[in-house]
Amino acid sequence: MNSSGAYYSPNSKTNQGSDTDHDLFNGDFARLVPSNYAARLAFSQVVDQLYHQQNSTGESANRAALHFKYMCVSATKECEPSGTESSFSSNSQQGDGKLEEMWTGHYRLNLDILPAQYKLGWILGRGREDLPPTMGVEFRLATSSKSKVSGRHARLIHNDAGILLIASDSRTITIDGKNEFHHEQRALLSPVTSLGFGNLTYRLVFTGLPRYAQQLVAIRKRFGTLAEPPAFLDPTPSDTDYVLNKYLIKGVFASGSTCVVQSGYHQNTGQPVAIKKMKRDAANRRAINQELKFLRMLDHVGDIYHIYSHHVIGKLTDRNI
């Protein structure tokens, strides 16, 4: 569903265009796309149920409208390869070759369409009919408990630096098919990340929305309690980012005759850091160690900076401050 309330296919020609074409992004800075058969089936079943509720009156129709605004749904059902008999099995990727008609689409992360409580983030799960809409979920992932998705399974939330996190209050979440966690949060620092909730698997895809960073600044001013993100940090992940000792390293934002300084984030928390990278040799080894000594002496003074870690790699010294 687009911002005007009309349905469109995410793969249609209306979504193609230049970087300045609104239809290319539809205002979305990221999208949660069903990837395995179980998730695609669940998405279609949710749409069927929401259409039914939309045609009713009262609270059910209001709930349907609430959920639909966070979704992009195909204009008509599309043919998809069928899954196995155990449709909600975690390994139900392969089917019998037959085609079945299903609604297709994705969930929208869009700062023009905020969750009911922005500081809690976009809540994902099956939903709770006994709760008022403001205490329910934004992304309704399934209608059946066979999906092993709970009522309020996970949250997508921005930290103080503007980094998108996936958070679990108690339920298990899987990242990239191997890293399971609960009662924790993880920073989403790749352009595409695989996320698993119960038997359902999705791809969290950043769109590269040009105005994303500016929107985050405006959101902070609107809510008034979140920290201003460092100007040199881009909240959109890039293919050129790389990982070093649990930190995601981004581009260079300052340089001098003896070093370069890069921006980065801690992989789990999304904590922003600056990484000073300098060549180490016999001539400057003593000066570098002396600088580190003085900085550690000042590390406890105020909240100006903290030394998080110091690494020597071959002839390179990486110091994360």
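The values are calculated or read from the model by the stated rules, or taken from the named source; none is laboratory data. Only a predicted model underlies this, so the values are computations on that prediction, with no experimental measurement involved. Note: ideal-geometry Cβ built from the backbone for every residue, glycine included; neighbour counts use all protein chains shown.
Using beta carbons and a limit of 6 Å, which pairs, at least six apart or on different chains, have the first residue in segment 276-295 and assigned to a helix (DSSP H, G or I) and modelled with pLDDT under 75 and the second one of a type outside the set (D, E, K, R) and surrounded by 11 or more Cβ atoms within 10 Å (Cβ to Cβ)?
Leu295/Ile307
Give the number of residues within segment 254-263 that are part of a strand (DSSP E or B) and closer than 20 Å to Glu291 by Cβ.
Residues meeting the conditions: 6.
If you take the residues of segment 135-156 that are among the β-branched types (Val, Ile, Thr) and buried (at least 24 other Cβ atoms within 10 Å of the Cβ), which of them is farthest from the chain's Cα centre (by Cα)? Can you show your working first?
The initial filter retains those residues of segment 135-156 that are among the β-branched types (Val, Ile, Thr), namely 137, 143, 149.
From what's left, buried (at least 24 other Cβ atoms within 10 Å of the Cβ): 137, 149.
Numbers: Val137: 16, Val149: 18 Å.
The qualifying residue farthest from the chain's Cα centre (by Cα) is Val149.
Would a scan of segment 249-263 turn up a residue that is more than 24 Å from Thr207 (Cα to Cα), touching a Phe, Trp or Tyr at 6+ places or on another chain (Cβ under 7 Å) and at pLDDT 80 or above?
So in segment 249-263, the residues more than 24 Å from Thr207 (Cα to Cα) come out as 254-261.
With the extra rule that they be touching a Phe, Trp or Tyr at 6+ places or on another chain (Cβ under 7 Å), the set shrinks to 261.
In the following step, the residues that additionally are at pLDDT 80 or above were identified as 261.
Yes: one or more hits.
Identify all residues within segment 48-64 that are in contact with a Lys or Arg (Cβ under 9 Å, 6 or more places away or on another chain) and either aliphatic (A, V, I, L, M) or within 11 Å of Thr104 (Cα to Cα) (or both); write none if there are none.
Correct list: Leu50 only.
Just to check your reading of the model, which residue among Leu209, Leu248, Leu189, Leu204 is in contact with a Pro (Cβ under 6 Å, 6 or more places away or on another chain) and surrounded by 14 or more Cβ atoms within 10 Å (Cβ to Cβ)?
Exactly one residue qualifies, and that residue is Leu189.
Sort out for me the strands (runs of 3 or more DSSP E) sitting completely within segment 1-82 that have 2 or more residues that are at pLDDT 80 or above, touching a Leu at 6+ places or on another chain (Cβ under 6 Å) and surrounded by 16 or more Cβ atoms within 10 Å (Cβ to Cβ).
30-34
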